[in-house]
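One structure below.
The values are calculated or read from the model by the stated rules, or taken from the named source; none is laboratory data. Computed from a predicted structure; not experimentally measured. All Cβ positions, even for glycine, are placed from backbone atoms using ideal geometry, and neighbour counts span all protein chains on display.
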Amino acid sequence: MILAAVPAHRVPSGMATRVALLRGINVAGNRMVAMADLRALLAKLGLEDARSLLQSGNLVFRSGARPGALERLLEAEAERRLGLRTDFFVRTADEWMQVVARNPFPKAAENDPGHLVVVFLKDAPDAGSVKALQAAVTGPEIIRSDGRQAYIVYPAGIGTSRLTASVIDRKLGTRGTARNWNTVLRIAVLAGAQPAAH
């Protein structure tokens, strides 16, 4: 079911902070979109206080709608209004704080945060899928799964790793989008979450 745009005066009460991540935009000339256009889209949909971080598609806003409904709304309206066809991954501020607090790699977060990534997933993979992904690793990467997130350390760097987004999607049986630890913490601050000291 595709939700219609919700006028600002009809947004449900109980507005709360939400984080939305877009997958694969503004990379190597593909799926180019300005952050100002995304913020304007959210405003037109009645989502309040829209802010963005970096050009990789990180949005923070306020809404009374549930994350799943927001994902469907944003995906449909981004395609309809901006010609942008991509996945949105929405989390609450509390969920984002939990992502930070539950990081299984605190040493990597402290010593090499640029090589620690969190992959935000559409669905939580089952244990067999996680084991299949771990078995597919041919380099020094280390993977831990926690619900709809996977934490991955890339000690030798991400750009040359064979543990690519397509491999992760295929083995886990769901789609995801990754952010490095520095970006995760910056989004936490923007969302008003209080990340644990790692």
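Summary of values
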read-out: Unmet criterion (only one of (1) closer than 27 Å to residue 124 by Cα; (2) surrounded by 16 or more Cβ atoms within 10 Å (Cβ to Cβ)) for residue 55; value: (2)
read-out: Exclusive hit being at negative phi, at pLDDT 95 or above and surrounded by 14 or more Cβ atoms within 10 Å (Cβ to Cβ), set 135, 165, 150; value: 150
read-out: Which numbered condition residue 77 misses (of (1) farther than 23 Å from residue 40 by Cβ; (2) touching a Leu at 6+ places or on another chain (Cβ under 9 Å); (3) not hydroxyl-bearing (Ser, Thr, Tyr)); value: (1)
read-out: Residue in the stretch 93-105 that is in contact (Cβ under 8 Å) with a residue 24 or more places away in the chain, of a type in the set (Phe, Trp, Tyr) and out of contact with any helix residue (DSSP H, G or I) (no Cβ under 7 Å at 6 or more places or on another chain) present; value: yes
read-out: Extreme residue, farthest from residue 187 (Cα to Cα), among residues of the stretch 94-125 that are of a type in the set (D, E, K, R) and assigned to a helix (DSSP H, G or I); value: 107
read-out: Residue check, residue 118 without any contact (Cβ under 8 Å) to a residue 60 or more places away in the chain, among the hydrophobic types (A, V, I, L, M, F, W, C) and out of contact with any His (no Cβ under 6 Å at 6 or more places or on another chain); value: no
read-out: Members of the stretch 60-71 that are loosely packed, with under 15 Cβ neighbours inside 10 Å and in contact (Cβ under 8 Å) with a residue 60 or more places away in the chain; value: 69
read-out: Single residue of 68, 128, 159 found to be of a type outside the set (D, E, K, R) and either part of a loop (DSSP other than H, G, I, E, B) or at pLDDT below 95 (or both); value: 159
read-out: Some residue of the stretch 171-178 being surrounded by 16 or more Cβ atoms within 10 Å (Cβ to Cβ) and in a helix (DSSP H, G or I); value: yes
read-out: Failed criterion for residue 123 (all others in (1) closer than 28 Å to residue 14 by Cβ; (2) buried (at least 16 other Cβ atoms within 10 Å of the Cβ); (3) in contact with a Lys or Arg (Cβ under 9 Å, 6 or more places away or on another chain) hold); value: (2)
read-out: Enumeration of residues in the stretch 67-93 that are more than 14 Å from the chain's Cα centre (by Cα) and within 29 Å of residue 143 (Cβ to Cβ); value: 72, 85
